[in-house]
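The values are calculated or read from the model by the stated rules, or taken from the named source; none is laboratory data. No experiment lies behind these values; they were computed from the predicted model shown. In this analysis, Cβ positions are derived from the backbone assuming ideal geometry, glycine residues included, and neighbour counts consider all displayed protein chains. For accessibility, only protein heavy atoms count, side chains too; no ligands or nucleic acids. Shrake-Rupley method; radii C 1.70, N 1.55, O 1.52, S 1.80 Å.
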Amino acid sequence: MKKILISIVLLSLTTTIFPQSSIKQTIRGTVVDKYSQMPLIGATIVLLNSNPQVGTVADVNGEFRIENVPVGRCGIQISYIGYNPVTLKNLMLYSGKELIINIELEEKIIETAEVVVKAYSRKDKPINKMATVSARSFTVEETNKYAGSWGDPSRMVANYAGVCMASDNRNDIIIRGNSPIGLLWRLDGIEIPNPNHFGALGTTGGPVTILNNNLLTNSDFFTGAFPAEYGNALAGAFDLKMRAGNNEKREYWGQMGFNGIELGGEGPFSKNSKASYMLSYRYSMLDALKAIGLDMGINPKYQDLTFKVNIPGTKLGKFSLFGIGGLSYIEMFDSENDSIDWAHSTSGENLSNGSDFGAIGLSNLYFINNKTRIQTNLAILGSRVSTEIDTFHFSNRTLFPWYREVSSEVKYSFSTHLKKKLNTKNNIGTGLILDRYKVNYLDSVYLDKKYLTITDVDDYMNIVRLYGQWQHKFSDKLQLYSGIHYQLLQYNNTSAIEPRLGLKWNFATNQSFNFGFGVHSQIQPRMIYFAQSLMDDGTYKRHNKDLGFSKSNHYVIGYDNSLSENFRIKIETYYQDLYNIPIKINDEDSIYSLMNSGADFYVQREDSLINKGTGKNYGIELTIEKFFSNQYYFLITTSLFESKYKIYEKERNTAFNGNFVINVLGGYEINVGNNNILSFDIKTIYAGGKRYIPFDTLQSRIEQQEIYDLTKAYEKKYPDYFRFDFRVSFKLNTPKLSQEWVLDLQNISNNENLFMERYDYTTGKTKSMYQIGFFPMMTWRIQF
């Protein structure tokens, strides 16, 4: 290991002291109409800052190529008659990989000789042009570049206004005070289950992402009032997109870091075909280290595989096939230790947990004519969880079976989406989504001196959804969006109709006013419908079958000011009215609301629920952002919010009501020699502490177990959260090979952020458990 580190340092010093001649690479891609996706033949592409000027035009397929471009930061400008030109700046070009870009141009509403509109491709603008508020796109580079992101889209978007992490050890995200359950994941147009290792059924996060950012391309993230094509979500939506593999040249990459050891490749199937493939496999780094004798104490085992096959240009349209899957397993046995940190009251706990996730989807994009296209998707997706928990007292170390679960979900999905460009002012879309779930839940727990079977079912559930949406552009400065989403849960024949509305008005140069409204509905986590209670006669009965959708009304108003090409200020204020939230039947003393679930390794399966709970989230968000230019960037976001829920007229703070979040990020790049880049990135977060339920110390001593004072639920918070991360990376480009070394220092100040407290009834003392302290991570990446 030492020899490898010495070699890396010597290679870096050699490159610095003896600069190489400029290394060249290729930029290529396609230019299409934003809405119809038809190729724009003859579009002009110019390489910025080239002297003499270098450029090309798109061919009959909208494809272009610019060769012999010096590696490093570069930019291009794309223009076409009748369309708003687009400028892409600060693109990163590596020696070991061609840069392939898909560019979408938007047609002008009014053409005049006096008006020149110059657009810049900016990540604050969503890819989905139906969105008017609370949406932005993000780049794959951001998931790698932002300090503390770990290459994870969830951890990266936690830097945006209105978003924060539930804890350090998981990537569940809280959007505007909502439960993480309210997040929708979509990949290449197909809705997928929780794409994280060790992800429990019903949750949307986990400790390590299965998503591989080496295969992703620019994607969208929504935090409220999203367009009608997104449904069955209350909080937000990830609309992730996988790129197509290089269809002209085989390329490979390898990576070692916290997320694992990874190998991948892409390329064409043959020289005579435009079809391409991508494939990547990753294995747990900690488990690999243990295999060679380096035991880090905890040994999570996981592996994942991701692939995509892209077949363009057939008579039946474009086809793509993607697959993503992951296996994970962990054992944490307190019985192997001499002491205990109160993982399970004052008893020890032996836990083994395995979770599997898989999805495979086939898509077809067919152009009916040059203004109408239809995309059809078929998919099979599934998740499985297996958990065993045994408890014991350290006095006798006799293991006692406390909890068991073996549960799974399989979804068969069909969807079709038609989009039509009527003219330069009007675009419409409609779609149908059919999902059939096969659910199998079985879990039991020892409570009140007996074993209780919480769920025991093998059944099917069907969900039918329809949507329609329309965008009208009054001019290049004013556009209106409207839509409607309908969904039906056939299991109990409950339904929901959800109107959506949006307005965007560019009332001055580089300034816009934005408005959004939407009714949003979501079914409950599927296992909730099958939770059961033990009756007095010894039989079990389910009371949740008739639960309806949880619902909310979103209202959003925003102001956006692009002070310059690379600098902007954005303010959004919102109000979210939640209703039909499941709470306990006829129990005014209960604090249970599904609004507080979803940020842990288990979703509590409560029986006897009704849709009588309400809630509200409201706040204001400020974003100050300087996009990367002149070798630096920064992002400052501030969120002030309130999150409340109500049960039988009694209002409380939700578990996610932290009240405020402030993020400050920044980075600077230094060119080293002709081809290499040294980068420094920082991140600071200051946020309200976690809400908690205090202990009833007297009852805990009497009953010899942790008893909570429910009358004071979520009234208080732990101390405010603070963390500072630092990241340094070095990108080395040599002919046909690029490498990157990254040192990521998490919580560099080693601040002790309180995560939870446990109560020892034998001593009357509490023990504090903290979030992640100082934690360094290294990553090495190679492309060739």
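Once the dipole of segment 385-532 is set up with Lys and Arg at +1 and Asp and Glu at -1 on Cβ about the Cα centre, which of THR455, ILE428, MET527 lies farthest towards its positive end?
ILE428
Give me the count of lysine pairs in segment 353-482 whose alpha carbons sit under 28 angstrom apart, restricted to pairs 8 or more positions apart or on different chains.
Step by step, the pairs that qualify in segment 353-482 add up to 16.
Helix-derived [θ] at 222 nm for the chain: sum -39500 (n - 2.57) over DSSP H runs of at least 4, divide by residue count, nearest 500?
Theoretical 222 nm ellipticity from helices: -1500 deg cm²/dmol.
Could you state the number of Å between the C-alpha centres of segment 362-440 and segment 735-784?
After rounding, the separation between the Cα centres reads 31 Å.
Below 14 angstrom from the Cβ of LYS371, what's the summed charge of the other residues (Lys, Arg +1; Asp, Glu -1)?
Summing Lys and Arg as +1 and Asp and Glu as -1 gives +4.
What FRET efficiency would be calculated for the residue pair GLN699, GLN631, taking the C-beta separation as r and a Förster radius of 56 Å, to the nearest 0.05?
For GLN699 and GLN631, the calculated efficiency is 0.40.
Sort out for me the Cα centre separation of segment 467-542 from segment 603-680, rounded to whole Å.
21 Å
Counting heavy atoms of the protein chains only and a 1.4 Å probe, report the per residue accessible area for segment 202-308 as a whole number of Å².
35 Å²
Name the GluC sites (Glu not before Pro) in segment 630-664 that are in a loop by DSSP and that have at most 14 other C-beta atoms within 10 Å, would you? Don't skip to the end; give the middle numbers.
Numbers: sites: GLU642, GLU649, GLU651; in loops: GLU649.
Of the GluC sites (Glu not before Pro), the ones in loops of segment 630-664 whose Cβ has at most 14 other Cβ atoms within 10 Å are GLU649.
Could you order peptides 148-155, 276-283 by the average number of other Cβ atoms within 10 Å of their residues, highest first?
For the peptides 148-155, 276-283, the packing ranking is 148-155, 276-283.
Roughly what angle does helix 2-17 make with the longest principal axis of the chain, taking Cα atoms, 0 to 90 degrees, to the nearest 10?
Tilt of helix 2-17: around 30 degrees.
Return the sequence-ordered ³J(HN,Hα) values of segment 33-42 in whole Hz as given by the Karplus equation 6.51 cos²θ - 1.76 cosθ + 1.60 applied to θ = phi - 60°, using x for Gly and Pro.
5, 4, 9, 7, 6, 7, x, 9, 5, x
Step by step: find N for segment 710-768, compute 2.2 N^0.38 Å, then divide the Cα radius of gyration by it. What's the final number?
Details: Rg = 21.5 Å, N = 59, 2.2 N^0.38 = 10.4 Å.
Rounded to two decimals, the normalised Rg is 2.07.
Over what distance in Å are the Cα centres of segment 36-99 and segment 575-601 separated?
52 Å
Amide H neighbours of GLN25 under 5 Å, counting only residues 5+ apart in sequence or on other chains, H built in-plane at 1.01 Å?
Amide H neighbours of GLN25: ASN68, VAL69, VAL71.
Counting heavy atoms of the protein chains only and a 1.4 Å probe, report the per residue accessible area for segment 726-784 as a whole number of Å².
48 Å²
Just the accessible area per residue of segment 557-652, please: how many Å² with a 1.4 Å probe? Numbers along the way, then the final one.
On the way: 4150 Å² over 96 residues.
Per-residue value: 43 Å².
Please list ASP458, ASP304, ASP577 from largest to smallest accessible area, probe radius 1.4 Å, with all protein chains kept in place. Please report the intermediate quantities before stating the final value.
Details: ASP458 100, ASP304 5, ASP577 55 Å².
Sorted descending by solvent-accessible area, the residues read ASP458, ASP577, ASP304.
So what is the diffusion coefficient of the chain in µm² per second by Stokes-Einstein at 10 °C and 1.306 mPa s, using a Kirkwood Rh over Cα pairs?
Answer from the Stokes-Einstein relation: 57 µm²/s.
How large, in percent, is the carbon and sulfur part of the accessible surface of the chain at a probe radius of 1.4 Å?
57 percent
Let me know the Kirkwood hydrodynamic radius for segment 201-256, please, with Cα pairs as the basis and the value in Å to one decimal.
14.4 Å
Considering the dipole of the chain built from charges on the beta carbon (Lys and Arg +1, Asp and Glu -1) around the Cα centre, which of GLN746, PHE513, LEU609 is farthest to its positive end?
The Cα lying farthest towards the positive end belongs to PHE513.
Taking loop as defined by DSSP and a crowding limit of 12 other beta carbons within 10 Å, which chymotrypsin sites (Phe, Trp or Tyr not before Pro) in segment 425-502 fit? Working shown, then result.
Values: sites: TYR437, TYR441, TYR446, TYR451, TYR460, TYR467, TRP470, PHE474, TYR481, TYR486, TYR491; in loops: PHE474, TYR491.
Loop-located and lightly packed - PHE474.
Hand me the trypsin sites (Lys or Arg not before Pro) from segment 456-539 located in a DSSP loop with no more than 13 other Cβ atoms within 10 Å, in residue order please.
For trypsin sites (Lys or Arg not before Pro) across segment 456-539 that sit outside H, G, I, E and B with at most 13 neighbouring Cβ atoms in 10 Å, the list is empty.
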